[in-house]
Amino acid sequence: MTDSVTFRLNGDEVEVAGDISLLDALRDVLGHREVKDGCAPQGQCGACTVLVNGAPRVSCVTAVSRVRGAEITTVEGLDDEFRDRLIDAMETTGAIQCGFCTPGIICRLAGTSERRGVSAASVTRALSAHLCRCTGSQPVLEAALLAADESAALSPRDPQLAAQRATLENAGVQQIAGRDVARGRAPFAGDNPSSATVLWTNGELPLTTGTSASEIRRRAGAVQGRNSTLPLTWPVELPAGDWARTLQTTFVEPAAVEPDAALAHPDGTVTAAAGNAGAFGAKATSRVMSDAREAASTLGEPVLAVWSREAVVRLGKKRPPLAIGLRADGSGVVRVGVTAHSDDLRDLVELVRGLLPDIEVEIVDVLGPPVGATHRGAILGEVLALRASMGESDVVSVTSPSGARADVELRDGQIAVSVSAGEPLCPVTLRSYVIGAAHAAYSFATSEGLAINDRGEVQDLTIRSFGILPLSAMPTISVTIKDDERPAMAASGAVFAATLGAVLRATGTTRVPHALT
């Protein structure tokens, strides 16, 4: 019989079995869903961070036997004054979007501030342990410094206006905003009550059911994913032609910190995998929803389907790899790589053809993971970026199909972004999405990619292998929101394309990622 372990959780004594991780104890046994599971047991995303005797620790790689007698603090157990001021500061700077990573970040900042004080350097170091894919972390740094300045006035956002802007930027997928999001209370499918049967897959094993994903993973003897040593490849060959500019892209992992999850009922209803509208649209057609629906129908009971981090990488939809050739007048050919189990790209292709009739679009079969049609600015963004990069001005301008315009310039170690997106609704939220889109584009252009073997299988399976730039490696992003009396329109797509175009113009590269020197 396994010895039990006793520790104090947010001031109360609790007892759990001694052969599980601290994350499993907190979420699956004790029901503390404010502690998030983003990559267990990789210990690389930071979402499950809690305080152990006041020090930040990633709970998914901490054996519960190592915290016997310790004081464990989640975001709910933090000092109210500290937590509330930090959340107000995050609301003031737009540091919260989907909110999945936020409770862990708040715990990290609480532990860091007590030990090292608060400075730009200490916060940047602390955030290196976390992935905030939505914001790119710059607004989080700004919030930490603002909260530490006792003389600074804080102005939290209007949650309704923030939610309206966030929903618009997420192509209409409903998003909520407000203080509860920072405390881990947003509607994520994987946080549903554990009374449902859990369906779990690691991308290789048969679908398995049980009472929790962690239990099934242990029973299956699953081994965490690893990084590869394979180089990147560019799977789509350039079209033949006399081109003024060319560009090839590789497979890119959306890297949503929240793993794909969906709750289905026997009557066929199923929650969307998009959670609180994270992932830049990448999970809109996730297979996890059909997995859950089929299992619930077969078993005749509610089923919570949860993918491991490795399954997300193996099975999740990637940004389509491209090869583009453009003539001096901007006309040309874009070749789009598709693989087995990919989304139907016909509507997206027709959109590109309708907006850019001088661009010929070809679909080609390649080996690799499935690709998606809902990623922010997929295909169109790359074409607009390459065309915009051919201008002579250092300012690269892109207007999206919605009518939003972004002007981006790389200067003095900064990414300077100016946007016209109609009524801002919530300028703080709009700025946050602009920063997030600029970070995603700059990181995509300079660092991101997935290694694929000669059978088309993804080999880079850990969060840190995706190439996402940390805050310490990013230029500062400045944002100007122009007066615009038009109705509100999404700006993220235009910002992504213009930022990518600015990097292409600055480097003259023909392949991304292209490391800047």
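Bear in mind that the values in this text are calculations on the coordinates, not laboratory data. Model, not experiment: these values are computed from the prediction. No Cβ is skipped: glycine too gets one built from the backbone with ideal geometry, and neighbour counts run over all protein chains shown.
Summary of values
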{"quantity": "Prolate/oblate/rounded call for the range 362-517, Cα gyration tensor, a/c under 1.5 rounded", "calculated": "prolate"}
{"quantity": "Alpha-carbon spread of the range 210-340, three principal axes, descending order, Å", "calculated": "60, 36, 25"}
{"quantity": "Cα gyration tensor shape for the range 371-430, rounded if a/c is under 1.5, else prolate or oblate", "calculated": "oblate"}
{"quantity": "Spin-label model distance (nm) - residue 227 vs residue 360, 7 Å beyond Cα toward Cβ", "calculated": "4.2"}
{"quantity": "Residues with amide H under 5 Å from that of residue 451, placed H, sequence gap 5 or more", "calculated": "459, 460"}
{"quantity": "Residue (of 53, 65, 7) at the positive-pole extreme of the range 4-73, dipole from beta-carbon charges", "calculated": "53"}
{"quantity": "C-alpha long axis of helix 138-148 to longest principal axis of the chain, angle in °", "calculated": "50"}
{"quantity": "Between the range 39-76 and the range 228-290, the Cα center-to-center distance that results, in Å", "calculated": "30"}
{"quantity": "Which labelled figure in (1) 91, 55, 44; (2) 73, 58, 43; (3) 71, 54, 38 is Cα extents along the principal axes in Å, once derived from the coordinates", "calculated": "(2)"}
{"quantity": "Overall form of the range 77-186 per C-alpha gyration tensor (a/c, 1.5; a/b vs b/c)", "calculated": "prolate"}
{"quantity": "Tail beyond 20 Å, pair distance distribution of the range 132-249 (Cα, percent)", "calculated": "71"}
{"quantity": "Sequence-distant aspartates and glutamates (8 or more away, or on other chains) whose Cα lies within less than 14 Å of residue 36", "calculated": "24, 28, 76, 191, 258, 260"}
{"quantity": "Reachable lysines from residue 482, criterion Cα separation under 23 angstrom, eight or more residues apart if same chain", "calculated": "none"}
{"quantity": "Sequence-distant lysines (8 or more away, or on other chains) whose Cα lies within less than 17 Å of residue 317", "calculated": "283"}
{"quantity": "Dipole magnitude of the range 436-498 about its Cα centre (Cβ charges: Lys, Arg +1; Asp, Glu -1), debye to nearest 20", "calculated": "80"}
{"quantity": "Alpha-carbon spread of the range 4-73, three principal axes, descending order, Å", "calculated": "28, 23, 20"}
